[in-house]
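Let me begin by presenting the structure, written as structure tokens, before commenting on it.
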Amino acid sequence: MTVTRTASVAGIGLLPNGTYSIPERELAIDVIHEALEDAAVSMADVDGLYMPSPRPWTKQKFFSTNLLHLLGLEVDRTIEVSTGGTSGGKAFQTAVSDVRSGAVDTALVFAVERNSVIETTGPYFDYILSTFDANFESPIGMSIPGVYAQSMQRYCHEYDVKREDLAEIVVKNRDNAAADPDTLFDKPVDREAVLGSRPIADPIRLYECPAPCDGGAALVVTSDDGDGSDTSSETEGTVEVAGLGSHHAASHLLMTRDESITELPAVRKAAREASRDGGRARDEIDVYEPYAPFPHIEAIITEELGLVDRGAGLEACLDGRTAADGEFPISPSGGCLGRGHPPMVTPLYNYVEAVRQLRGTASTQVLDANYVLTTSEHGHVNGATATVFAKGE
Amino acid sequence: MCETSYTERFWEALSDGRFLIHTCNDCEERFFPPAPVCPSCHSWSVDWIESNGTGELYSFTRQHATADGFPDEIVAGVVELDEGPRLLTAIDEAYADLVLGDRVRVEPREYPHNYDRGCRSEYPFFAATTIDGDE
Ligand SMILES: [Zn+2]
């Protein structure tokens, strides 16, 4: 379908990261309510529902169908996406495409997730093992930090990066998130605390892993132009979804072929496409909110975005260039390391942060933010999405 | 009930102490895991070949958080076989003794963990050990 309309985020809703003792569908109803109120859109206007598939341990299956019945909502499009950490990104991008094409006028995108209800060494780990090659890899017993530990090792090895310095990316991100009541942590950490936290998968330490938690987020996407029923202008400042990009490399977790595992071509190509679509070069964006679950991944993404040369991503952080008041702010929200990390929700948190930055209401606000680029990823960044947001007129 | 899969031959050979990979008859790419199509040129003309299992240690970790049925610590990593392909493998060595680029051999061994391998539960699995540089 051809692009005929501009899609905008009319409203946002967010449940603070933490622990919730109510079912996922009630979290969904809460966060949807908040987003609709923020957009000043009524439930009856919604004609598309987009979400990541609930995690395998969520009791309610057929989640969207159940929810549509509860909400008394008839829609023309629904989708539940199941591709790990990119699920929320793909759900959102599908909604944007449907609004652009005219298939729907008011798209509701949401994600909810509870990790507090699952035993990490039992059923959760069984699920993780099942994401590896079932024949040849699952029986080895590798965890996700175990995977990223190896790219951290290679990154330090190939670029002569000082492993201890990677802790500074965590320090920056925890610091960025500390003042925001919606995040999991309310205190920053220092370098010693990061390097002194317990080892999870050498060389990765606990504070270098994103903390699993419960949470939820929702966004209402509408059309700016089109039939004149523009709802987004009624709220404080319109935020355009300017550019979409997506890519998947021919790789699975650590199994690339000739490429180094210290390169993330999916991010590079998705960001390039989103920038082209959004009319703004990927290294000329005001704020970056990447999905970067481990510190060296944020460093490598800095490189893949074309902001610095290969191997110089960490140095950019050490020099303050990625700070909120730096040359190219990265993760002013704290990202998944600073905020806490429900992976189905994290891409939507990035979008909510983009909207807040462009509205001027972010907890750690970047001055004069007009463009924000966000990413999502799954596996060992085998697949990625990139989305550019722009301040509306 | 267990289905017979394409990789059956790998597991049968592994039981006999041989490590099989795949080669493409059109572009000569060597690849793993075995599959009926070449991931490099997409030719369907592919064959089984034997690897002597030797290669270099590309990356490794010692995991301190493990699943039920596994020991409290496991050592695993990626080996680049001399024929080219990389694979993820358990490593039967102490973490502190390993260095990137170590010469290693991937060999069959009895599967040691309490993890349900389903149809493969009767077969050995594989692990890497370090070998002398000139092997
Ligand atoms: Zn070939």
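The values are calculated or read from the model by the stated rules, or taken from the named source; none is laboratory data. None of these values were measured; they are calculated from a predicted model. Note that we place each Cβ from the backbone using ideal geometry, even for glycine, and neighbour counts take in every protein chain shown. Note: accessible area is taken over every heavy atom of the protein model, side chains too, but ligands, DNA and RNA are not part of it. Shrake-Rupley method; radii C 1.70, N 1.55, O 1.52, S 1.80 Å.
Counted over the protein assembly as shown with a bin width of 10 Å, the fraction of Cα pairs per bin, in whole percents, is 4, 19, 28, 25, 16, 7, 1, 0. With N counted as the residues of region A:269-371, its alpha-carbon radius of gyration over 2.2 N^0.38 Å works out to 1.00.
Max-minus-min Cα coordinates of region B:1-45 on each principal axis give 33, 25, 12 Å, with the largest extent listed first. Here is the list for region A:1-107: chymotrypsin sites (Phe, Trp or Tyr not before Pro) lying in DSSP coil, each with at most 16 other C-beta atoms within 10 angstrom of its C-beta, are A:W57, A:F62. Looking at the square roots a ≥ b ≥ c of the eigenvalues of the Cα gyration tensor of region A:130-187, which shape do they give, rounded for a/c under 1.5, prolate if a/b is larger than b/c, or oblate? Since a/c reaches 1.5 but b/c is at least a/b, the shape of region A:130-187 is classed as oblate. Expressed as a fraction of 2.2 N^0.38 Å, the value expected for a compact globular protein of N residues, the C-alpha radius of gyration of region B:52-126 is 1.14.
The protection proxy used here, the mean number of other Cβ atoms lying within 10 Å of each residue, ranks peptides B:99-109, A:345-355 as follows, highest first: A:345-355, B:99-109. For region A:190-204, heavy-atom accessible area (probe 1.4 Å) falls by no less than 10 Å² from the chain alone to the full protein assembly at A:P199, A:I200, A:A201, A:D202. Computed from the C-beta positions of B:D116 and B:A13, the FRET efficiency with R₀ = 35 Å rounds to 0.95. Tell me the net charge near A:P203. Cut-off is 13 Å between Cβ atoms, A:P203 excluded, with +1 for each Lys or Arg and -1 for each Asp or Glu. Result for the local shell: +2.
Please list, by residue number, everything in region A:349-386 whose backbone N is under 13 Å from a paramagnetic label point 7 Å out along Cα→Cβ of A:D325. Output list for this probe position: A:365-367.
Diffusion coefficient (Stokes-Einstein, Kirkwood radius over C-alpha pairs, 4 °C, 1.567 mPa s) for region A:1-140: 79 µm²/s, rounded to a whole number. Taken over the Cα atoms of region B:5-130, the convex hull encloses 109 Å³ per residue. Considering helices alone, the calculated mean residue ellipticity of chain A at 222 nm is -10000 deg cm²/dmol, with DSSP H runs of length four and up weighted by -39500 (n - 2.57) and normalised per residue.
Am I reading the B/A interface right? What is its buried accessible area, both sides, 1.4 Å probe, to the nearest 100 Å²? Approximately 3000 Å², summed over both chains.
DSSP bridge analysis restricted to chain B gives an antiparallel fraction near 95%, rounded to the nearest 5. The alpha-carbon of A:K90 sits under 19 angstrom from the alpha-carbons of these lysines, leaving out residues fewer than 8 places away in its chain: A:K269.
Using the Cβ of A:A218 as centre and a radius below 12 Å, the other residues enclosed give a net charge of -4, where K and R count +1 and D and E count -1.
Rolling a 1.4 Å probe over the protein heavy atoms of region B:5-130, with every protein chain left in place, gives an accessible area that is 42 percent carbon and sulfur.
For region A:1-69, the list of GluC sites (Glu not before Pro) that fall in a loop by DSSP and count at most 14 other C-beta atoms within 10 angstrom is empty.
Once you mark the chymotrypsin sites (Phe, Trp or Tyr not before Pro) that are in a DSSP loop and have at most 14 other Cβ atoms within 10 Å, what is the longest gap between them in chain B? Here the longest segment lacking exposed loop sites spans B:45-135. Solvent-accessible surface of region B:5-130, taken per residue with a 1.4 Å probe and all protein chains present: 45 Å². Rounded to the nearest 20 debye, the dipole size of region B:5-130 about its Cα centre is 120 debye, using +1 on the Cβ of Lys and Arg and -1 on the Cβ of Asp and Glu. Across peptide B:88-97, the average count of Cβ atoms from other chains found within 10 Å of a residue's Cβ is 2. In plain terms, the chain from B:D132 to B:A96 could stretch by 11.2 nm, reckoned as 0.36 nm per residue minus the Cα-Cα distance.
Close amide H pairs (under 5 Å, H built 1.01 Å from N) link A:E113 with A:G215, residues at least 5 positions away or on another chain.
Summing Lys and Arg as +1 and Asp and Glu as -1 over all other residues whose Cβ lies under 11 Å from the Cβ of A:G84 gives a net charge of +1.
Note on chain A: with neighbouring protein chains present and a 1.4 Å probe, carbon and sulfur make up 47 percent of its accessible heavy-atom surface.
Choose one answer from A:R257, A:R272, A:R100: the residue with the largest mean-square fluctuation in a GNM of chain A with alpha-carbon springs under 10 Å. Residue with maximal mean-square fluctuation among A:R257, A:R272, A:R100: A:R257.
Who wins for biggest fluctuation among A:R114, A:R198, A:R268 in a Gaussian network model of chain A, springs between alpha carbons below 10 Å? Answer for the Gaussian network model of chain A: A:R198.
Checking every one of the trypsin sites (Lys or Arg not before Pro) in region B:1-72 against DSSP loop status and a limit of 13 other Cβ atoms within 10 Å picks out no site at all.
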